[in-house]
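Structure first, commentary second.
The values are calculated or read from the model by the stated rules, or taken from the named source; none is laboratory data. From a predicted model like this one, the values you see are computed outputs, not experimental measurements. Note that each Cβ is placed from the backbone with ideal geometry, even for glycine, and that neighbours are counted across all protein chains shown. Surface areas here come from the heavy atoms of the whole protein model, side chains and all, with no ligands, DNA or RNA. Shrake-Rupley method; radii C 1.70, N 1.55, O 1.52, S 1.80 Å.
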Amino acid sequence: MQITLVTQPFAAIETHALVSYVFEEADLVQGRIAEIDQAAAGLLRKLAKSGELTGKMLEFTLVHAPLGLKAARLLLVGAGKREQWNSVTLRKIAGAALRYLKARSVKNFALLVREGHVTEEAIRAVAEGALAANFETDKYKTDKKNDKDIETVLVTGLSDAQRAAGEKGLSKGRIIADAQNFTRDLVNEPSNKLTPRMLAEKAEAMAKEAGLAVEILDEKKIAELKMGALLSVAQGSVEPPRVIVVTYTPANLKPGAPVIGLVGKAVTFDTGGISIKPADGMEKMKYDMAGGATMLGVMRALAALKPNVKVICVVPSTENMPGGKAQKPGDIQTAMSGKTIEVLNTDAEGRLILADGIHYAKQLGATHLVDAATLTGAIVVALANVNVGVFGSDQPFTDKLLASSKAVGEKMWQMPIDDDYREFIKGTVADIQNIGSGKGGGAITGAMFIKEFTGDTPWIHLDIAGTAWNDDAKPWLAKGPSGVALRTLVHLALSY
Ligand code: BES
Ligand code: ZN
Ligand code: ZN
């Protein structure tokens, strides 16, 4: 899909649809919307009077053959209250407009950005919103007769003086959305099309193309490094595990500068192992590698956006299967760090593989850690599919991440992890156990387990179990993989 900036007067643009947005409360007498209304002989005021145009958030009003415009259609999207407008609203509007028009087989449209709204950030949000909205999960459908892809989006409303900022925003937005769609593509793959080895191959190809350093650790190397927690999960499968390491190094790396370690859970299928999951809905456990896919997508974007901070990405990947060699409840494992773990439930496998991933990222030099994982069903109970669960051991670092999440419109909510929860994971016969003792707080218990392996290193854990996959489509996004947390982490890296 092409996205192009155009500076010609909007009334003269020949397009299948001119799209803009309208605020609640007497917006029709202002700015560009008033100009459209005047050109169309008061049409918009008539629509408002009849109650069909109110400006309510994501209300759609479609007019064919509008007077005074070269466009075949005029689409007005409600934008809510003018004082609450920001680039997060604009991203959703751009995406929702694209999906609305795509469903009606429109092939191109021009989005008119309102007076006073043209900034680099806003144009970037338009590009991100449109490209993410255009993503579909129909890769394996052989019947694409109804191919409804949007071919071109024109972005208009900029003056000639604003073009340079607009182009910058467009280019950054494209990099980020392409990375987000790369992640979503991986998350969407079923486990027979994406084993740990195949994920490693794809990560390696991506890194090489992007100009990033990459190393793939195979089962032999993983054993040499004594990653006992990862190996304990992998031993139940005939598919060997992999650890993917991708590194971005800035050109002007200063000694002593922070190094961000991104660790992503990539269980390409989670049956639960011997503590097997119920059949109902188990197919969704193909997305248990979303944390790893997110981190790989972040690296893909950073390679092009070139932040001033070094970033090391570690993705431990395995299947969790109940094979003949699978670990059994009660087994004791020794993690790479030397800590011993009682595996009381083989379905709490994400924390096991992250234990070794985190330890390895620290060994490689990470001074600040962020992990992303589809870790617990309990976070879905707590926050549903609305907020990512955030756990942090260092408040200033956590605040920095939360500020990034707010800036890019990804909802996240901080959860507690104080020492009172430490006793939940105290082991009976080993150092720690991988589940709590039925006292509730399942998402916190998972986070506390991972924290054991972070030592003094500032660390943030993102539980994306509820948010990495949308069971229902949103007006601005297809149903399925969301690519959540990628934009936040890219923003975080760029803030150094
Ligand atoms: N992959 C699951 C968590 C999950 C649940 C992801 C729902 C996406 C949607 C994880 O490995 C798991 O099974 N966790 C267990 C932990 C329990 C055994 C302590 C859970 O949440 O039930
Ligand atoms: Zn599990
Ligand atoms: Zn899992």
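Extension gain, Lys208 to Asp160, is 13.5 nm, computed as 0.36 nm per intervening residue step minus the present C-alpha separation. Taking the stretch 58-85 and a reference point 7 angstrom along Cα→Cβ of Ala26, the backbone N atoms nearer than 19 Å belong to 79-85. Placing unit charges on the Cβ atoms of the charged side chains and taking the dipole of the stretch 182-494 about its Cα centre, the candidate lying farthest along the positive direction among Leu402, Ile274, Leu231 is Leu402. Extension gain, Lys168-Lys254: 0.36 nm per intervening residue step, less the Cα-Cα distance, totals 28.3 nm.
So if R0 is 51 Å, what FRET efficiency would Thr7 and Asp420 give, r being the distance between their Cβ atoms, rounded to the nearest 0.05? Intermediate values should be presented prior to the final figure.
On the way: r = 59 Å, r/R0 = 1.17.
Taking R0 as 51 Å, the efficiency between Thr7 and Asp420 is 0.30.
Within the same chain, lysines fewer than 8 places from Lys479 are excluded, and of the rest, those with a Cα less than 19 Å from its Cα are Lys92, Lys102, Lys139, Lys141, Lys144, Lys148, Lys284, Lys286, Lys411.
Leaving out ligands and nucleic acids, and using a 1.4 Å probe, what accessible area per residue does the stretch 182-494 come to in Å²?
On the way: 11570 Å² over 313 residues.
Per-residue accessible area for the stretch 182-494 comes out at 37 Å².
I'd like to compare 149-162, 190-203, 452-465, 284-297: which one has the highest average count of other Cβ atoms within 10 Å, and what's the full order after that?
Values: 149-162: 16.9, 190-203: 19.4, 452-465: 23.1, 284-297: 28.1.
Highest-to-lowest ranking by the protection proxy: 284-297, 452-465, 190-203, 149-162.
Take the stretch 1-150 with all the other protein chains still there, run a 1.4 Å probe, and you get 45 Å² of accessible area per residue. Looking at Ile216, Tyr360, Thr340, which one has the Cα that reaches farthest to the positive end of the dipole of the stretch 182-494 (charges on Cβ: Lys, Arg +1; Asp, Glu -1)? Checked the options; the winner is Ile216.
Using only helices, what value at 222 nm comes out for the chain when you add -39,500 (n - 2.57) per DSSP H run of length 4 or more and divide by the total residues, to the nearest 500 deg cm²/dmol? -10500 deg cm²/dmol, from helical runs alone.
The share of accessible area on the chain that comes from carbon and sulfur is 51 percent, using a 1.4 angstrom probe. Counting only DSSP beta bridges whose two residues both lie in the stretch 182-494, roughly 50 percent are antiparallel. Within the stretch 348-496, DSSP assigns beta bridges of which about 50% are antiparallel (rounded to the nearest 5).
Overall size of the stretch 1-101 from C-alpha positions, given as principal axis extents largest first: 32, 32, 22 Å. Note on the chain: with charges restricted to the Cβ of Lys and Arg (+1) and Asp and Glu (-1), its dipole about the Cα centre is near 1040 debye.
With the highest mean first, a sort of the peptides 384-395, 272-283, 360-371 on other beta-carbon atoms found within 10 angstrom per residue produces 360-371, 384-395, 272-283.
Treat the chain as a sphere of radius equal to its Kirkwood radius over Cα pairs and apply Stokes-Einstein at 37 °C in a medium of 0.692 mPa s; give the translational diffusion coefficient in µm²/s, rounded to a whole number. Before the final figure, lay out the partial values.
Working: Rh = 23.7 Å.
Translational diffusion coefficient: 138 µm²/s.
Of all lysines in the structure, those lying under 20 Å Cα to Cα from Lys362, and not within fewer than 8 positions of it along the same chain, are Lys221, Lys226, Lys254, Lys265, Lys310, Lys339, Lys451.
Think of the chain as having a plus end and a minus end, set by charges on the Cβ of Lys, Arg, Asp and Glu; of Thr457, Ser393, Pro250, Pro250 sits farthest toward the positive end of this dipole.
Quick one: compute a quarter of the convex hull surface over the Cα atoms of the stretch 376-496 and quote it in nm².
Numbers: hull surface 33.1 nm².
Average of the hull's projected areas for the stretch 376-496 equals 8.3 nm².
Of Ser232, Ser437, the residue with the largest accessible area leads and the full order is Ser437, Ser232 (1.4 Å probe).
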